[in-house]
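Any read-out appearing in this document is the output of simple, stated calculations on the displayed coordinates, not a laboratory observation. Everything numeric here is computed off the predicted structure, so don't read it as measured data. Note: ideal-geometry Cβ built from the backbone for every residue, glycine included; neighbour counts use all protein chains shown.
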């Protein structure tokens, strides 16, 4: 579940996270409980207790493992786990653990805190019977490896002459303003033929991870560059050139996307039925049902 209003969780005037707050929290603490389900408005969202310990040694180690490395950000969900800290007087605090890497103290701190040693805290809980945080790390590692492979394949398909990725996109994978001017010039210099330039960009656009929705933001780069070309040029290339599967995929993805038709929606009828069917056949062959649904919706109404 996603949080829609941060002010509900972070009212104005709350202080930044501080290690001294944790010192006070654990001073005289007598017990901790780890529960499934995250935290909402300071309360656990689940009731299943995963770990419960009263050992002073465990409490001291837990305090050390909650050290954080940075603050100043907000995760937009309720987290995965709830960590209760109890004292002789009862429950003192409920911390929400997020994705195995950060945590939140609702109503006390104005931002989340990034764990300084995520692996150590995961081992701590795993040694006491709950592997959920360690499992999150393992899944995240596999996702990173898969993402690295997908990026490598996408980048290998980039046109010759494109600058290094660090100059092409910012840290979020969005093409920089400088690159927005430099890249078209570099492509034009390397591919003087407009048709050749469009084809290499279509190949790049068709070499993504696969989905046309929920993809890495850097995959928008070739579409952004293709929007600079007149529709008649793109149609001519798609209709008259002997296209590779990735070039055809790139053409189908481009013409099915709302971004390409922004400010020229009335021109959509210029894409002939024969071309649409050829592009659709490629989408069918690729086997992604969501992509096919998006392609078909692009030509309705």
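A straight chain from residue 266 to residue 293 at 0.36 nm per residue would run longer than the Cα-Cα distance by 7.6 nm. For segment 195-278, the equivalent ellipsoid derived from the Cα gyration tensor has semi-axes of 18, 15, 12 Å, listed largest first.
When the Cα convex hull of segment 6-137 is projected onto planes of every orientation, the mean area is 7.2 nm². The helix-based estimate of mean residue ellipticity at 222 nm for the chain, built from -39,500 (n - 2.57) per DSSP H run of four or more residues and divided by its residue count, is -14000 deg cm²/dmol to the nearest 500. Arranged from fewest to most other beta-carbon atoms within 10 Å of their beta carbon, 175, 133 become 175, 133. Over all pairs of different C-alpha atoms in the chain, the reciprocal of the mean inverse distance, the Kirkwood hydrodynamic radius, equals 22.8 Å. Counted residue by residue at 0.36 nm each, then reduced by the alpha carbon distance between them, the extension gain from residue 258 to residue 131 reaches 41.4 nm.
Among 53, 282, 266, 70, sorting on how many other beta-carbon atoms sit within 10 Å of each Cβ, with the fewest leading, yields 266, 70, 53, 282. Using the Cβ-Cβ distance between residue 53 and residue 141 with R0 set to 22 Å, the FRET efficiency from 1/(1 + (r/R0)^6) comes to roughly 0.20. For segment 100-138 and segment 274-296, what is the centre-to-centre distance using only Cα atoms, to the nearest Å? Distance between centres, Cα-based: 43 Å. Segment 209-269 and segment 155-197 have Cα centres spaced 16 Å apart.
With contacts taken as Cα pairs under 8 Å and at least 6 residues apart, the chain reaches a relative contact order of 13 percent.
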